[in-house]
């Protein structure tokens, strides 16, 4: 500490303290100007101060660092707490809210006041009515790296503790009921009595599904098979197709090599064409078997959506593979 001679002229801080506290008032401590007077002048209770009675440990204390908004959101989500957030805007999919400086998204299907599956124009009317209002919400998805902050009003209505009890009651292999709460490109979220499970698009059907919305709608009640339960993270993976027989399990009993069947072309690639023989069963016609010698090399002999006649060349139920050969009819010859 710099030594100041006793006859040095008073500095600006001295005059400021004098005007504030009066001539007989105490001057601010030179080393800890922000420490409250009570802490500076009080006697130490444990003998930790010096001979003047100054409580040095208390004067050195610093306030706790404030939590970042993302850290606060993480703790709030893990605790399952309900928060209040103001709707500041909306888009086609739902409402935009703000909370502690974070901008969050509430899907329309998670907002209680919006009726299930309204058309686009009606949904926008409902969403615009919410701007400026506060919603009671729970955080259902959080990813600071991707700046994803997703909340749900429906989840806030679930009874506290219900989800925790429910996750202990559900086991892999169980068949349960659930209600669709939201649809997205990779699947559907389903409320199963206080818990939200994921029904992945690959578990909707044994056949190809372009988008979950082709089969499901918000509010729909489903019968589901439980694939997996993560009790620590309170996550459940669900399936619809597992409640139906796997068509590949008995494929070799229903089809034989050399059999001629009809199917629909689902996709044409450089290496060949995929043909759906039945729901959940597709075979491949290799490009070498698509040439007929009657069509121009610049033309595709088949395209998606065509009904074709094919011969089964190989069936492998274990690997879920079927190799096909093209058996074009006279009508197909004329078409090409």
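Only the coordinates and a few stated rules stand behind these numbers; no lab work does. On a predicted model such as this, the values are computed, not experimentally measured, just so you know. Because the Cβ atoms are built from the backbone with ideal geometry, glycine has one as well, and the counts that use them run over all protein chains shown.
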| task | Using only C-alpha atoms and all pairs of different ones, pull out the Kirkwood radius for segment 138-231 in Å with one decimal. | result | 14.3 Å
| remark: The simple spin-label model distance between residue 303 and residue 74, using points 7 Å out along Cα→Cβ, in nm, is 5.3 nm
| message | I need 149, 186 ordered by Cβ neighbour count within 10 Å, fewest first. | response | 186, 149
| query | In nm², what is the average projected area of the convex hull enclosing the Cα atoms of segment 69-140? | reply | 4.5 nm²
| request: For segment 204-284, state the semi-axes of the equivalent ellipsoid (square roots of 5 times the eigenvalues of the alpha-carbon gyration tensor), sorted largest first and rounded to whole angstrom. | output: 31, 16, 13
| query | Using the 10 angstrom Cβ neighbour count as an exposure proxy, how do 233, 241 rank, fewest first? | reply | 233, 241
| What FRET efficiency would be calculated for the residue pair residue 321, residue 134, taking the C-beta separation as r and a Förster radius of 45 Å, to the nearest 0.05? | 0.20
| Working out 0.36 nm times the residue gap between residue 202 and residue 145, then minus their Cα-Cα distance, what length gain in nm do you get to one decimal? | 17.9 nm
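At a 10 Å Cβ-Cβ cut-off, how would you order 77, 240, 322, 168, fewest neighbours first?
The order, fewest Cβ neighbours first, is 168, 77, 240, 322.
In percent, what relative contact order does segment 69-140 have, based on Cα pairs under 8 Å that are 6 or more apart in sequence? List each step's numbers first, then the result.
Working: 101 pairs, mean separation 29.0, N = 72.
It comes to 40 percent, rounded to a whole number.
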